[in-house]
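Shown next, in structure tokens, is the structure this report addresses.
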Amino acid sequence: MNITFINGSPKAKAEGSASHVILNDLRTFLPNQKINEIHLNKQEVSEEQMQLLKSSDAIVFSFPLYVDSVPSQLLSCLYEMEKSLYALPVRVFAISNNGFFEGVQNRYALEVIRNWAVRTKLFWGMGIGIGGGGMILGQNIPVGKGSKKDMGRAMEKLSDSILNNKSGEDILVNMNFPRFLYKMIADHGWKVKARRNGLKIKDLYKTL
Amino acid sequence: MKLIIHDFRGEDANIPELSASENTRVISDNGKIKPCIGCFGCWLKTPGECINKSDGYNNIGRLFGNCSEMLVISECRYGAYSPFVKNVFDRCIGCILPFFEIINGEMHHKKRYGNEIKIKIMLYGDITGEERQTASNILRRNFVNLHVTNHEILFFKNKEDLKGALL
Ligand SMILES: Cc1cc2nc3c(=O)[nH]c(=O)nc-3n(C[C@H](O)[C@H](O)[C@H](O)COP(=O)(O)O)c2cc1C
């Protein structure tokens, strides 16, 4: 099976995105498959990327939740892909990750991808939403273990759906980690980063 | 101040209802807007303002934080805003703080500004029932995230109908 992973994070470097780490985790559930990964961080899809997408049996979007929806550059790409992939035998899957703790906040962004698939006349498989994206980067926790326990279970279902041509309900998961600690660590992290940029904590509250 | 955000181009945009004036600022599409690159510079480097000044769209957070009324006009496809209007919203997050708070049992960001915004959203396009549902749900979430309490969402079959409703 020809699978194309689409990293939909607008960050400059794919490796610096949670979306990429998530796709790497998903790979462990898809051994012996031919997987290509592309990074759609520009407002358009290159000719080469589009060829790859058109020749895929399955495509898997992995993107960050931006203002409760899909990031704008990925939306631009979806407009182009609607024309180029129309009614092809390509199956569509999606993973949305977000900065807030609750994976459920990704629900409607996943619906945007499903609505895109419907408009483009493609088979919609399923989506997963992953909360607590701030914990995904820079940690080497194997998927299915520790804070990534529920994420592992969701990926099992997703990979089964990819490999066996099934569609299913979206699954929305959190990190297996206390929310109050996540919030505390994240709030502290902003302050550390600001100080590193030479700012005082009160500068962060500036109004213009 | 009233803020208008729209994705009309050319002739469509040249109507008095979408013109800037003393009390009205307009964010429109000149084809040059660059996407947010997720650097959080608008929180941690130049708080309140996007660090990308190359395209002139770096002051969106400031405008959001200083308006009392907002009119958003956008195509709606897949249940989302058009790429331009979505780009404007992606680059608005300087109007809130990085710090978290729990609202209705869910995590969100704290306010940076104290302004109360009355928002009207006009969406146009050949929108399916499901897309309409998705759009309404996304916008309901946006209102919580952007701390908007007074809101109205209207759907139109096409640009012409929407323009009729502006007059
Ligand atoms: C412009 C912008 C908007 C965002 N909007 C949301 C949001 O609405 N809800 C949320 O939980 N996280 C939001 N986030 C946080 C990202 O979803 C989170 O940092 C994610 O893990 C980034 O993934 P990536 O590294 O793959 O780009 C936003 C981040 C940015 C830069």
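Descriptive notes on the structure:
- Dipole magnitude of chain A, debye to nearest 20 (Cβ charges: Lys/Arg +1, Asp/Glu -1, about Cα centre): 780 debye
- MRE, 222 nm, helices only [DSSP H, n ≥ 4, -39500 (n - 2.57), over chain A, to nearest 500]: -11500 deg cm²/dmol
- Checking the cross-link pairs A:LYS206/B:LYS118; A:LYS13/A:LYS34; A:LYS200/B:LYS34; A:LYS202/B:LYS86 against a 25 Å limit on the alpha carbon distance flags A:LYS200/B:LYS34; A:LYS202/B:LYS86 as lying beyond it.
- Within the full protein context, the accessible area of B:SER21 is estimated at about 70 Å² for a probe radius of 1.4 Å.
- Spacing of the two label points (7 Å from each Cα toward its C-beta) at A:LYS121 and B:ILE15, in nm: 3.3 nm
- Radius of gyration and maximum dimension Dmax of chain B, Cα, Å: 15.7, 46
- The string of couplings for the range B:14-31 from the Karplus curve (6.51, -1.76, 1.60, θ = phi - 60°) is 7, 10, x, 5, 10, 9, 6, 8, 3, 9, 10, 10, 10, 10, 10, 8, 9, x Hz, one whole number per residue in order, with x for Gly and Pro.
- Potential extension, A:PHE180-A:ASP160 segment - 0.36 nm per residue separation minus Cα distance: 3.9 nm
- Placing unit charges on the Cβ atoms only, positive for Lys and Arg and negative for Asp and Glu, gives the protein assembly as shown a dipole magnitude near 1280 debye about its Cα centre.
- Relative contact order of chain A, taken over Cα pairs closer than 8 Å and 6 or more residues apart, is 18 percent.
- Once both labels are positioned 7 Å from their Cα atoms along Cα-to-Cβ, the gap between B:ASP161 and B:ASN66 label points is 3.7 nm.
- Heavy atoms of B:ASP161: accessible area, 1.4 Å probe, square angstrom to 10: 70 Å²
- The accessible area of A:LEU110, taken with all protein chains in place and a 1.4 Å probe, comes to roughly 0 Å².
- Proximal charge balance of A:GLN139 [Cβ under 13 Å; K/R count +1, D/E count -1]: +1
- Computed from Cα atoms alone, the Kirkwood hydrodynamic radius reported for chain A is 17.6 Å.
The values are calculated or read from the model by the stated rules, or taken from the named source; none is laboratory data. In this text, all values refer to a predicted model and were calculated from it rather than measured experimentally. So basically every Cβ, Gly included, is an ideal-geometry build from the backbone, and we count neighbours across all protein chains shown. Side chains are part of the model used for accessible areas, which takes the heavy atoms of the whole protein and leaves out ligands, DNA and RNA. Shrake-Rupley method; radii C 1.70, N 1.55, O 1.52, S 1.80 Å.
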